[in-house]
1. Tell me the helices (runs of 4 or more DSSP H) entirely within the range 60-161 that contain at least 2 residues that are on the phi < 0 side of the Ramachandran plot and modelled with pLDDT of 85 or more.
2. Whether any residue in the range 34-52 is more than 25 Å from Ser179 (Cβ to Cβ), among the β-branched types (Val, Ile, Thr), in contact (Cβ under 8 Å) with a residue 40 or more places away in the chain and not in a helix (DSSP H, G or I) is what I want to check.
3. Looking at this structure, is Cys309 at pLDDT 90 or above, within 15 Å of Ile17 (Cα to Cα) and hydrophobic (A, V, I, L, M, F, W, C)?
4. Within the range 109-128, how many residues are crowded, with 20+ Cβ neighbours inside 10 Å and either more than 15 Å from Val172 (Cβ to Cβ) or of a type in the set (Asp, Glu) (or both)?
5. From the list Lys31, Lys75, pick out the single residue that is under 19 Å from the mean Cα position of the chain (by Cα), surrounded by fewer than 22 Cβ atoms within 10 Å (Cβ to Cβ), free of Cβ contacts under 8 Å to residues at least 60 places away in the same chain and more than 21 Å from Ala174 (Cα to Cα).
6. Report yes if some residue within the range 290-313 is of a type outside the set (Val, Ile, Thr), at negative phi, in contact with a Cys (Cβ under 8 Å, 6 or more places away or on another chain) and surrounded by fewer than 20 Cβ atoms within 10 Å (Cβ to Cβ); otherwise report no.
7. Conditions first: (1) farther than 30 Å from Leu304 by Cβ; (2) touching a Cys at 6+ places or on another chain (Cβ under 9 Å). Val263 passes all but one, so which condition is the exception?
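The values are calculated or read from the model by the stated rules, or taken from the named source; none is laboratory data. Everything numeric in this text was worked out from a predicted model, so none of it was measured. A quick note on method: Cβ atoms are made from the backbone with ideal geometry, for glycine too, and the neighbour counts reach across all protein chains shown.
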Amino acid sequence: MPSSRNNSQYLAVIALIVSMVIWSVSGIAIKHALVVLPPFTMIVLRFVPAVLLMLIIGLICRNNPLFGLQRLRWKDLPLFLIAGFCQPFLYYLLETFAYDALNSPTIAETLLSTSPLLSPLFAAVMLRERVTRYNIIGIVISTLGVFALTLVGSTDYSIGSYWGVLLAFLAVSAAVIDSIMMRKVPASYSSLSFIFYAQLISLLFFLPIWYFREGPAAIQAMDLSQLSTLNSPLSIALLCVSYLTVFASVIAFILFCYALRRVGVTRANAFNNIRPAFTALWMLLFFGEQLPLGKWIGIALIILGLFICQKREKIADC
């Protein structure tokens, strides 16, 4: 039993790392997609295929504990409604307005990376999840690393509207509540089932906004002749959306849900701190963006904090 449990923990950590690697590219993909596509059109093009893909996989793998699709029970609908409303719907809206209200994208990124700091509070209050001293110490060290990674080398530290700070923390709170719902949904639902129903509900919230703000005309306005050239702006944008659909919206979310159910909200969300580190490494490898010593120190602190956060106290699990 202990060996089996340890193996489950190791698999959960691997799933978390893979999901963070995938999500660390999402910001780069979104940036390239938005060069051509309006924001809500991009979201619709991202989540409609993702929901359909999960439906197909779930029906084919109906009896699989990870990828099977179970029927939604009415008594569980409120949990899925809260999850779908919080993320991606509410999180994306609040994130967008926060970026608009804050002067510096660096400050916005830093504030939006604070979910590990809020996770212990939400988990303790809503789930009675035990938070250990290692969790707290590790999260604080890792978050200091995020601050170093995002702030070192920045020249603009002005805040802008303080409403932006509030919106950023509301966005982070929405993401943490979504992870709480992952934990509260009965284990009889597979990870794919949770993500499928939550994203389907989010899509139903997004569609009316898309229709009235951008509408089908935004899709009709695309110059499809550009698709004949692989490196055209539209081709690149749609390739980025395809990545967001398959990897960021399906694979990464399923892996994160699988891991969170095994290691808890606090320890799982601590891994969100490693996303900016991976993003910085991708920018170094593919775009030649140099990393000063302070950023390398930030990456080291993030990794050290994650190791400490995952350490268990002998008297009980976290």
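1. On the way: elements: 77-84, 91-101, 105-111, 115-127, 133-151.
Here the list reads 77-84, 91-101, 115-127, 133-151.
2. Pass one, the range 34-52, residues more than 25 Å from Ser179 (Cβ to Cβ): 34-38, 41, 45.
Imposing the further condition that a residue be among the β-branched types (Val, Ile, Thr) reduces the set to 35-36, 41.
Cutting the leftovers down to in contact (Cβ under 8 Å) with a residue 40 or more places away in the chain gives us 35-36, 41.
Then keep just the ones that are not in a helix (DSSP H, G or I); that gives 35-36.
Yes.
3. On the way: at pLDDT 90 or above: no; within 15 Å of Ile17 (Cα to Cα): yes; hydrophobic (A, V, I, L, M, F, W, C): yes.
Judged against the criteria, Cys309 is not a match.
4. Matching residues across the range 109-128 total 1.
5. Details: Lys75 fails: under 19 Å from the mean Cα position of the chain (by Cα).
Answer to the check: Lys31.
6. First, the residues of the range 290-313 that are of a type outside the set (Val, Ile, Thr): 290-296, 298, 300-301, 304-307, 309-313.
Next, only the ones that are at negative phi stay: 290-296, 298, 300-301, 304-307, 309-313.
Filter again for in contact with a Cys (Cβ under 8 Å, 6 or more places away or on another chain), leaving 312.
Next cut, surrounded by fewer than 20 Cβ atoms within 10 Å (Cβ to Cβ) only: 312.
Yes, the range 290-313 contains a residue that is of a type outside the set (Val, Ile, Thr), at negative phi, in contact with a Cys (Cβ under 8 Å, 6 or more places away or on another chain) and surrounded by fewer than 20 Cβ atoms within 10 Å (Cβ to Cβ).
7. Going through the list (1) farther than 30 Å from Leu304 by Cβ; (2) touching a Cys at 6+ places or on another chain (Cβ under 9 Å), Val263 breaks only (1).
Conditions (1) touching a residue at least 60 places away in the same chain (Cβ under 8 Å); (2) more than 25 Å from Ala123 (Cβ to Cβ), marked per residue:
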| position | (1), (2) |
| --- | --- |
| Ala221 | no, yes |
| Leu224 | no, yes |
| Leu230 | no, yes |
| Leu239 | no, yes |
| Val246 | yes, yes |
| Phe253 | yes, no |
| Ala259 | yes, no |
